[in-house]
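These notes are about the structure you will find just below.
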Amino acid sequence: MRALIESGLAQLGLDGVPDGAPALLERYGELLMEKNRVMNLTAITDPRDVATLHMLDCAALLGCAGFEGKTLIDVGTGAGFPGVPLAALVPSLEVTLLDSLGKRVDWLAESCQALGLDNARAVHARAEEAGRDGAYREQFDFAAARAVADLRVLSELCLPFVRVGGCFLAMKGTDSGREIEAARPAVQALGGTVEGWRDYAIPHTDVSHRVVFVKKIAPTPFQYPRRWAKIQKSPV
């Protein structure tokens, strides 16, 4: 995995990546595959695919924004993507890994400790509840989400965490054009604006993905985020 990761980072044109980062990402992949035998963390289990479709896919975000010295919350982080790779690749980035499943959060905390990632912390909470907590609300330069959900839903869950002037990075497929356009009124109601997107090819694959840039231009109205049932039933 390490050779794939190293060459993939080079193909992405990423400068300033710490020398030890590829080894950290390889080790994280090993921890993920080992734990996945007893806990459902990912459907991607082949080492090559873990290196490319997980690690390099997340690393591509580094070409989309400047993360040095910033704060980022990974909303619905699941198995730690994109937050853990970003923490390994940018040591000055403070990463919060937010997930609603306690067992996943416990494993993430143990894994980050094993990897020596002092700049990553795992938090057990539901996004719609943490987004109303003053300890998290509008406290981050970036929010990121790789979850498979409509952009209107993701924006309601993620934008409350972003401070004015910050950005929500939504990881999407390249066929998401209509979804993005449909989400513009909801994004505006939540204090954001869709600034555009960037498509990228994942090295060593024939897969392309998209990062949607949602700029936070005003505070999110106090009524958001709503309860999860309401978000699902009636997106903004």
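The values are calculated or read from the model by the stated rules, or taken from the named source; none is laboratory data. Because the structure is predicted, anything quoted here is derived from the model rather than measured. All Cβ positions, glycine included, derive from the backbone under ideal geometry; neighbour counts span all protein chains shown.
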So, in the stretch 12-21, exactly how many residues are modelled with pLDDT under 95 and in a helix (DSSP H, G or I)? 0
Quick check: is even one residue across the stretch 43-58 of a type outside the set (Val, Ile, Thr), surrounded by 13 or more Cβ atoms within 10 Å (Cβ to Cβ) and over 23 Å from Asp206 (Cα atoms)? no
Answer yes or no: is there a residue in the stretch 92-106 that is part of a strand (DSSP E or B), hydroxyl-bearing (Ser, Thr, Tyr) and either at pLDDT 95 or above or out of contact with any His (no Cβ under 6 Å at 6 or more places or on another chain) (or both). yes
Matching option when the condition is closer than 24 Å to Glu68 by Cβ and either surrounded by fewer than 23 Cβ atoms within 10 Å (Cβ to Cβ) or modelled with pLDDT under 95 (or both), among Gly191, Gly177, Gly196: Gly196
Let me confirm something: among Arg178, Arg152, Arg163, Arg226, which residue is of a type in the set (Lys, Arg) and touching a strand residue (DSSP E or B) at 6+ places or on another chain (Cβ under 9 Å)? Arg163
State whether the residues of the stretch 203-219 include one that is among the small types (Gly, Ala, Ser), more than 24 Å from Leu93 (Cβ to Cβ) and exposed (fewer than 14 other Cβ atoms within 10 Å of the Cβ). yes
Every residue in the stretch 64-112 that is at negative phi, in contact with a Leu (Cβ under 6 Å, 6 or more places away or on another chain) and among the small types (Gly, Ala, Ser), please. Ala79, Gly83, Ala87, Ala88, Ser111
Going by the conditions given, is Leu25 under 16 Å from the mean Cα position of the chain (by Cα) and over 19 Å from Phe142 (Cα atoms)? yes
Of the residues Val50, Val17, which single one is over 23 Å from Ala147 (Cβ atoms) and in contact (Cβ under 8 Å) with a residue 12 or more places away in the chain? Val17
For the stretch 63-120, name all the residues that are in contact with a helix residue (DSSP H, G or I) (Cβ under 8 Å, 6 or more places away or on another chain), surrounded by fewer than 20 Cβ atoms within 10 Å (Cβ to Cβ) and among the polar types (S, T, N, Q). Ser100, Asn119
Any chance Glu128 is surrounded by fewer than 23 Cβ atoms within 10 Å (Cβ to Cβ), free of Cβ contacts under 8 Å to residues at least 24 places away in the same chain and either over 15 Å from the mean Cα position of the chain (by Cα) or over 23 Å from Phe67 (Cα atoms) (or both): no
Taking the criterion of being at pLDDT 95 or above, among the aliphatic types (A, V, I, L, M), assigned to a loop (DSSP other than H, G, I, E, B) and in contact with a Leu (Cβ under 9 Å, 6 or more places away or on another chain), would at least one residue in the stretch 22-36 satisfy it? no
Filter result for Phe81 (under 20 Å from Thr205 (Cβ atoms), at pLDDT 95 or above, outside any helix (DSSP H, G or I) and not acidic (Asp, Glu)): yes
Is it true that Asp49 is farther than 22 Å from Ser155 by Cα, of a type in the set (D, E, K, R) and modelled with pLDDT under 95? no
How many residues of the stretch 196-225 are under 21 Å from the mean Cα position of the chain (by Cα), closer than 19 Å to Glu138 by Cα and not aliphatic (A, V, I, L, M)? The answer is 6
